[in-house]
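The values are calculated or read from the model by the stated rules, or taken from the named source; none is laboratory data. Computed from a predicted model, the values in this text were never measured in an experiment. Every residue, glycine as well, gets a Cβ built from its backbone with ideal geometry; the counts of neighbours run over all protein chains shown. These area figures cover heavy atoms from the full protein model, side chains too; ligands, DNA and RNA do not enter into them. Shrake-Rupley method; radii C 1.70, N 1.55, O 1.52, S 1.80 Å.
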Amino acid sequence: MTNNLRFKTSKFIDETYRVSFKFNNKTYFGFKGDTLASALLANGVHLVGRSFKYHRPRGIMTSGSEEPNAIIQLHDNSSRTEPNVRATEVEIYEGLVASSQNCWPSVNFDIGGINNLLSPILPAGFYYKTFMWPPSFWKKYEYFIRKSAGLGKSPKVADPDIYEHNYIHCDVLVIGAGISGIMAAKMSAKNGYKTLLVDEKSYLGGSSIYDNSEFSKINNQTTSSWLEKEINEISKLENLEIKTRTSVAAFHGYNFLLARENLTDHLPINQREKKVRQRLLKIRAKKVITATGSIERPLIFDNNDRPGILLSSAIKKYIDLYGVACGENNVLFTNNDSAYETAMSLIQRGIKINAIIDNREQIDSKISYEVEKNNIKIYKGYTVVDTYGYRRINKISIMKLSKDGQTVIGDKTKLNCDCLGVSGGWTPAVHLFTQSGGKLKFREEDQVFIPDFYPSDQISIGSCNGDFSLEEIVKNTLYSIKKFLNVENSEYKTIEIISGLNLSKRNIWLLPSDKSIGKTKSFVDYQNDSTSKDIKLALREGFRSIEHVKRYTTTGMGTDQGKLGNMHALGIISETAGTKMGEHGTTTFRPPYTPLTFGTIVGRNVGEFFDIFRRTPIHDWHVANNAKFENVGQWKRAWYYPKNNENMHQAVQRESKAARDSAGILDASTLGKIDIQGTDASEFLNRVYTNAWSKLAVGKCRYGLMLNEDGMVYDDGVTTRLGENHYIMTTTTGGAANVLGKLEDYLQTEWPELNVYLSSVTDHYATISVCGPNSKKIVSKVITDLDLSDEKFPHMSFKNAKIDNIKCRVMRISFTGEHSYEINIQANYGKSVWEKCMEAGKDFNITPYGTETMHLLRAEKGFIIVGQDTDATMTPIDLQMDWIVSKKKYDFIGKRSLYRSDTIREDRKQLVGLLTENPEEVLEEGAQIVADIKKSPIEMLGHVTSSYYSPNLKKSIALGVVKGGKNMFGQKLIIPMENKNINVTVADPVFLDKEGERLNAKL
Amino acid sequence: MFLINCPFCGEREQSEFKAGGEAHIVRPKQPTELSDDEWAEYLFMRKNIKGIQFERWNHFHGCRKWFNMVRDTSNDQIKAVYKMGEKPPVK
Ligand SMILES: [Zn+2]
């Protein structure tokens, strides 16, 4: 390609630093300071991708984060690959590898391009209408749709980079470092406010920093040189922190903002090792100044999407900032003065402008006269009606606009060009403002939405507030910031502005064509391929709400959220529907403003830090002894301890048998423990448990059931009276935090008169449970100074004791139905006491068992597990635990609900035991229970909640909930499974030792 | 994300708090005296209004105290916070 596209005029490009990179497997060169887009353009590459639906060739359209077309895949097939990256935002580095998306086999020849020829039959809503029926065909359709759609590929391997989150608190946050943002930051910092200034670009100054025009001057200097001095000054301010490459993603209520700071993406890959790649900044600002600027509008005409068609402001930026000409034979197409600034930048460097097409009949500004003086033909009152060239624009045709701008008249003229710059005026970037809850108003004169109501302490300044002339921007910024920050001194003495532009504009949302609309392709949303025709179709089909039209046509639903075309969509809707523009409002802009990587969102919470793990003090022993673990809430609990290649079933059968035949040992440290003290502690327990507590003697333990106010079982556990006004409550492992929260709630809000204090002591103690016929012998070896006789230490009682001078609490309580002890000792000693028990139990085959065996053993005894056998719809009566509900107590949490009309129904689901006809058959937990399989539809009576093979009973046992099950003992029911029906009999849920002989056996 | 002025700790991030539903619903002193309908009214019925709402909040990851909040649900503006047992401020 040609060499004369690069001009040595830019101080932002380091021409001594050549950078090589690959695009679609071809090596190119650029300079340090280039973006991927500017470097490609300098190499004459415009075609960079294919469009989403029609696979039309697409080129670079813009120069910033609003880019809809030039979205590429970085480092394909590498761990650092990233899809949907805007080429206009990628700063090139040595070794950069980029490729086009959405095209196969290549961007130059793309099979999907056939969709472009099929486009008459691919209108808006085509997928909705066609592929929905018959429903069974969806799977087939989906395969092809997904294959041909596909915007980029997600990485297949772990991300090697490091990410982190930072909290920032500041007095004033300034978003955007354009001319108004720089001024605001200076006024803020110099007046003593701790200020943070962020900008998404790598440089400060916005579009003014490269504006050397004679037609916009501040104090008789070009804006760029005036601004450079300002930037130099503020970079020395102590009160001001400046972050470039930092894009604000979200502006939430109460001035809480999220921003992404890019730290290494511009560095060669080999310089990124061990550095944080991106940071998510969580910013809480007392005041926010939004200075996000504005985005140039494209114009909507037939075939307005060809490679080589760019925003006029982008052409200016490429030549002024990067020294890159986008074309050698340019045409500019505009409805306002902005394009003339671009023209002057091109003229200054001797780049050819074939013509300027201006919608306006009258143009009256100094800059336009200057352009005309340079012998550039201006077609006034004209519009582009069509463009030509498949992979790059090569021609346009233009026609005269009628007076009302609704039709074209006269002859068609064709003009050659290799680049067409379009300018439809400017749209204030109000995205962040509306995210914060701000309300917009519509300004009729120039058809823009601007901030109206601010929901928090914030202000918008500059062109995002609808100030488009340099004079307005500077003067209004000074005025507003003084007021907003309540400062006397603006830090600026006099500011003289010279501007050769005027603000006149001829706004036509959809430019007319000599063809009927059905024959045109005027793109409104480039990324999603929606055209003006689609929007009109949606309106014809009855859609009126902008939100509905958006979803039906997918306008504004791409990764760019329609930053370029949303206003035109609104305009076309109101013109077609004959309504006023402001009436429709806008669609909702949602965070993030530009896409975030998953890495940024998760920060350091990856791998083992994804969620917090809690480990018991005995954890290392379990690991060393081959335990398998299960997650219970945040806890890692030993699940079972396989020996010699045992599977889980074999291990659990062995553990369960050992616990009943001789001795088992369980790490129960995860059970919640709440220390309860105070003179009203007994009364408090009376109110939170269903049974009575006042008469429990000191040194005794009692099982308690806790309900919600709706009468449903909430938690359970054993509570021990340690002293007159001192209890220790145990809760389920998963329920501990919520139980404490609930108890505190009642104490603080309903019963503040009670003198009760609660402390969570779960982590303070290790809890070791030793059970089985030999438990007494083992514990007596570990705790030598304790009388373990049934008289001195009966079931459901507690003793203070010592193990080698270390105090411990011992409870004789049982969750297995065996004689058993629970030793509670300060957490640090947990592991050594556990090891002592193992040593003492060696001769008795003491067997460590995990949660699975614990569940089996308790199921043999019919003990419930809250959350497994209950599901927040079970009352104690449903559980057949009437015995634990005090009839005498006047009130407790949930009592009144136990005799509501619904809770006293006889046909509620009730807990029962289930025995299979074939004792070897083990039911599946969750399986449905029915009585009659011939009935249609089959009535579901309930489901299986717990199911095991009991090695002690040598048969399958299960618990389940069944409608009216309480009165169905002995009845036969059916468990229908995928390929068989299993016959079961309803039984007593206590399968083993109903009389408690094992528990009370003389050992 | 709200910035909530805990009456005990001062301004803290919303992530430290838990919302606890409508405020000023007093648990009946004598539930057994209530009809099913009256009990259901206490148990289930809650206001969900667009506008000024009185709510209970708990500084769960902080001082763990419960307090009341007056919030405009239409724009999430917190109008007042006050301790349990205190009368709501007259607006
Ligand atoms: Zn607090």
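Note on the stretch A:722-797: enclosed strands (runs of 3 or more DSSP E) holding 3 or more residues that are within 14 Å of another protein chain (Cβ to nearest Cβ) are A:757-760. The one condition from (1) within 14 Å of chain B (Cβ to nearest Cβ); (2) of a type outside the set (A, V, I, L, M, F, W, C); (3) surrounded by fewer than 21 Cβ atoms within 10 Å (Cβ to Cβ) that residue A:675 does not meet is (1). For the stretch A:355-367, taking the residues that are under 15 Å from residue A:342 (Cα atoms) and touching a strand residue (DSSP E or B) at 6+ places or on another chain (Cβ under 7 Å), the one that is surrounded by the fewest Cβ atoms within 10 Å (Cβ to Cβ) is identified as A:355.
For the stretch A:1-58, residues that are small (Gly, Ala, Ser), under 26 Å from residue A:530 (Cβ atoms) and at pLDDT below 95 total 2. Looking only at residues of the stretch A:268-283 that are within 14 Å of chain B (Cβ to nearest Cβ) and farther than 23 Å from residue A:180 by Cβ, we find that the one that is most open to solvent (accessible area, probe 1.4 Å) is A:282. Annotation: residue B:22 fulfils all but one of (1) away from the ligand (no atom under 16 Å from the Cβ); (2) more than 8 Å from chain A (Cβ to nearest Cβ); (3) closer than 24 Å to residue A:167 by Cβ; the unmet one is (3).
Where strands (runs of 3 or more DSSP E) fall entirely within the stretch A:834-951, those with at least 3 residues that are under 30 Å from residue A:668 (Cβ atoms) and more than 14 Å from chain B (Cβ to nearest Cβ) are at A:909-916, A:940-950.
Residues that are of a type in the set (Gly, Ala, Ser), within 14 Å of chain A (Cβ to nearest Cβ) and over 15 Å from residue A:749 (Cα atoms) within the stretch B:73-91 comprise just one, B:74. Taken over the stretch A:270-293, the residue count meeting the criterion of being over 13 Å from residue A:175 (Cα atoms) and either assigned to a loop (DSSP other than H, G, I, E, B) or among the small types (Gly, Ala, Ser) (or both) is 4. Can you find a residue in the stretch A:551-566 that is in a helix (DSSP H, G or I), more than 30 Å from the chain's Cα centre (by Cα), touching a residue at least 12 places away in the same chain (Cβ under 8 Å) and surrounded by 20 or more Cβ atoms within 10 Å (Cβ to Cβ)? No; the residues of the stretch A:551-566 include none that is in a helix (DSSP H, G or I), more than 30 Å from the chain's Cα centre (by Cα), touching a residue at least 12 places away in the same chain (Cβ under 8 Å) and surrounded by 20 or more Cβ atoms within 10 Å (Cβ to Cβ). Only a single item in (1) within 14 Å of the ligand (Cβ to nearest atom); (2) facing chain A (nearest Cβ under 9 Å); (3) among the small types (Gly, Ala, Ser) is not met by residue B:10, and it is number (2).
Scanning the stretch A:237-267 for residues that are open to solvent by less than 20 Å² (accessible area, probe 1.4 Å), touching an Asp or Glu at 6+ places or on another chain (Cβ under 7 Å) and not in a strand (DSSP E or B) turns up just one, A:255.
Restricting the search to helices (runs of 4 or more DSSP H) fully inside the stretch A:310-416 and requiring at least 2 residues that are without any contact (Cβ under 8 Å) to a residue 24 or more places away in the chain and under 20 Å from residue A:69 (Cβ atoms) gives an empty result. Within the stretch A:382-397, the set of residues being closer than 12 Å to residue A:57 by Cα and at pLDDT 95 or above comprises A:389, A:392, A:393.
Condition test on residue A:424, is it open to solvent by less than 10 Å² (accessible area, probe 1.4 Å) and among the small types (Gly, Ala, Ser)? So residue A:424 passes the test. Comparison of A:468, A:523, A:484 shows that the only residue that is open to solvent by less than 10 Å² (accessible area, probe 1.4 Å), of a type in the set (Phe, Trp, Tyr) and at pLDDT 95 or above is A:523. Here residue B:15 passes the criteria (1) within 16 Å of the ligand (Cβ to nearest atom); (2) surrounded by 15 or more Cβ atoms within 10 Å (Cβ to Cβ) except the one numbered (2).
Of the residues making up the stretch A:774-812, those that are within 54 Å of the chain's Cα centre (by Cα), open to solvent by 20 Å² or more (accessible area, probe 1.4 Å), closer than 22 Å to residue A:702 by Cα and in contact (Cβ under 8 Å) with a residue 12 or more places away in the chain are A:795, A:796, A:799, A:809.
Within the stretch A:606-624, the set of residues being open to solvent by 80 Å² or more (accessible area, probe 1.4 Å) and in a loop (DSSP other than H, G, I, E, B) comprises A:610, A:611, A:612, A:615.
Among the residues of the stretch B:39-79, those that are outside any loop (DSSP other than H, G, I, E, B) and within 16 Å of the ligand (Cβ to nearest atom) comprise B:55, B:56, B:57, B:58, B:66, B:67, B:68, B:69, B:78. Checked against (1) more than 8 Å from chain A (Cβ to nearest Cβ); (2) buried (at least 16 other Cβ atoms within 10 Å of the Cβ); (3) touching a His at 6+ places or on another chain (Cβ under 8 Å), residue B:70 passes all but a single condition, namely (3).
Taking residues in the stretch A:898-919 that are surrounded by 13 or more Cβ atoms within 10 Å (Cβ to Cβ), and partners anywhere that are aliphatic (A, V, I, L, M) and assigned to a loop (DSSP other than H, G, I, E, B), the pairs with Cβ atoms closer than 6 Å and at least 6 places apart or on different chains are A:911/A:879.
Within the stretch A:885-896, which residues are closer than 25 Å to residue A:989 by Cα and either polar (S, T, N, Q) or surrounded by fewer than 18 Cβ atoms within 10 Å (Cβ to Cβ) (or both)?
A:886, A:887 - these are the residues of the stretch A:885-896 that are closer than 25 Å to residue A:989 by Cα and either polar (S, T, N, Q) or surrounded by fewer than 18 Cβ atoms within 10 Å (Cβ to Cβ) (or both).
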